[in-house]
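Below you'll find the structure I mean.
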Amino acid sequence: MSLWSPFSHSITPSTGPSPGPSGTFNSLFRMLDDFDRYAQQQLQSTFGGSPSSLGKMTLNPRFDIIERDKEYHLQGELPGVSPENVEIEFTDAQTIVVRGRSVREHTEGDPSLVDESKRIESTDKGANGAEGRKEKKQKARYWLSERSYGEFSRMFTFPGPVDQDAVKAKFKNGVLDVVVPKAERKGGRRIEIEGE
């Protein structure tokens, strides 16, 4: 069980990722989250986790959130995720959700052997001397599987109103960059009271 939920995050100002106390706590929370994931994986493999699920870690992408004068930048590392498998939507006026999935293609069967769909052709001579082609599938054995894959969902709540219609997202080199402009705050308005 994790000490804090990596799936929901309320955005509060910070001076940066390093020297201050917030940087220290971020490192601590990241370490605790990694330990939690490792412990769950060990329990699953020791107490009834199926061999095909060994090494399967849920994807938990890391995000940096940067506030500028007129916008927020959400930058998340999504290695192995294609842009087609990522969805971004607002659930309310100030909350954005980034969800998606990373897929590892394999076939079920012998859990220690995975079909990597590489085919080797060989020729055999039949009883009548004619050559025939046979295709053999080459199997791959995973000795270690540390890469994360699966589905993920991250929620971010902004402290003030944002302009949902002007949000832009780019995906380059495995990094998702979402620019969320701040909405212009409307000034107060004084209401005149009419007399009788």
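The values are calculated or read from the model by the stated rules, or taken from the named source; none is laboratory data. Owing to the predicted nature of the structure, the values given are computational and were not obtained by experimental measurement. Glycine gets a Cβ as well: all are built from the backbone with ideal geometry, and neighbour counts include every protein chain shown.
Does the range 65-75 contain at least one residue that is at pLDDT 80 or above and part of a helix (DSSP H, G or I)?
So far as the range 65-75 goes, no, none of its residues is at pLDDT 80 or above and part of a helix (DSSP H, G or I).
Being touching a residue at least 40 places away in the same chain (Cβ under 8 Å) and either surrounded by 17 or more Cβ atoms within 10 Å (Cβ to Cβ) or in a strand (DSSP E or B) (or both) is the filter here, so list the residues in the range 162-182 that pass it.
VAL162, VAL167, ALA169, PHE171, VAL175, LEU176, ASP177, VAL178, VAL179, VAL180, PRO181, LYS182
Does the range 110-130 contain at least one residue that is at pLDDT below 55, basic (Lys, Arg) and farther than 18 Å from VAL175 by Cα?
Checked the range 110-130: at least one residue is at pLDDT below 55, basic (Lys, Arg) and farther than 18 Å from VAL175 by Cα.
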